[in-house]
Amino acid sequence: MSEDRSYHNLPNGDAREHFSVTANAFTKFYLIESKVCYRGALPDPEGIRHVLPPDADAEQLGTAILDALSHARFIHPSHPDFDALFKERKAAELVDAYDAELMRLAGVKTKASLYRGARGVNVTLHSDWDEIKTYAFARRKGRYFWSKKTDASGKETVPASASAIELGEAYLRALAKGGSVS
């Protein structure tokens with residue numbers, strides 16, 4: 001883990017630390033990425049990305065998720081990288097480039113083909129609560145793996161000390177319970 005995993009200092013003096021990973025299931029692969037967390041999870045340019053085959057087992061998925069969590073960062077507004085990550089980047093260009101890379105990985109030519117049948121799960125390590133939460137989410141009209149309304153039935157929680165297989169199984173349960181994003 002890098003030393004620069006910043007804490008979010010709350011007004012009451014508490015320091016909360018949480019790190020986020022998205023673990024998306026496409027029809028042709030799993031994509032697990034570490035995120036930069038602050039009012040929205042963006043792929044971390046210094047993070048890690050795992051692309052696993054669609055037949056990956058719970059232990060492989062859990063290992064990839066734990067590795068991505070260990071590379072995730074929380075960038076506070078006072079951090080020197082905040083402006084470059086959140087203010088200077090053009091969202092539309094980033095989404096188009098991201099989708100193009102995913103279409104290349106999947107071997108498809110359209111976004112509709114890429115996202116048909118895809119499902120997503122957000123995984124968050126809450127260090128101060130000593131737990132890892134997984135929850136499935138749905139996309140709205142097109143390409144996003146989020147919406148204002150998440151499926152509460154897709155939530156799973158495991159202790160932060162959970163093994164790779166326990167986390168992988170929790171991920172697969174959340175994925176199975178959560179809404180499809182097709």
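Results, tabulated for the structure shown:
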| read-out | value |
| --- | --- |
| 5 angstrom amide H check on Lys155, placed H, neighbours 5+ away | Ala136 |
| Added length on full extension, which subtracts the Cα-Cα distance from 0.36 nm per residue, Thr157 to Thr110 | 13.4 nm |
| Violating pairs (Cα-Cα greater than 23 angstrom) within the set Lys35/Lys109; Lys28/Lys133; Lys109/Lys177; Lys133/Lys177 | Lys35/Lys109; Lys28/Lys133; Lys109/Lys177 |
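We did not get these values from a lab; they are worked out from the coordinates using the rules stated. If you're wondering where the values come from, they're calculated on a predicted model, not measured in any experiment.
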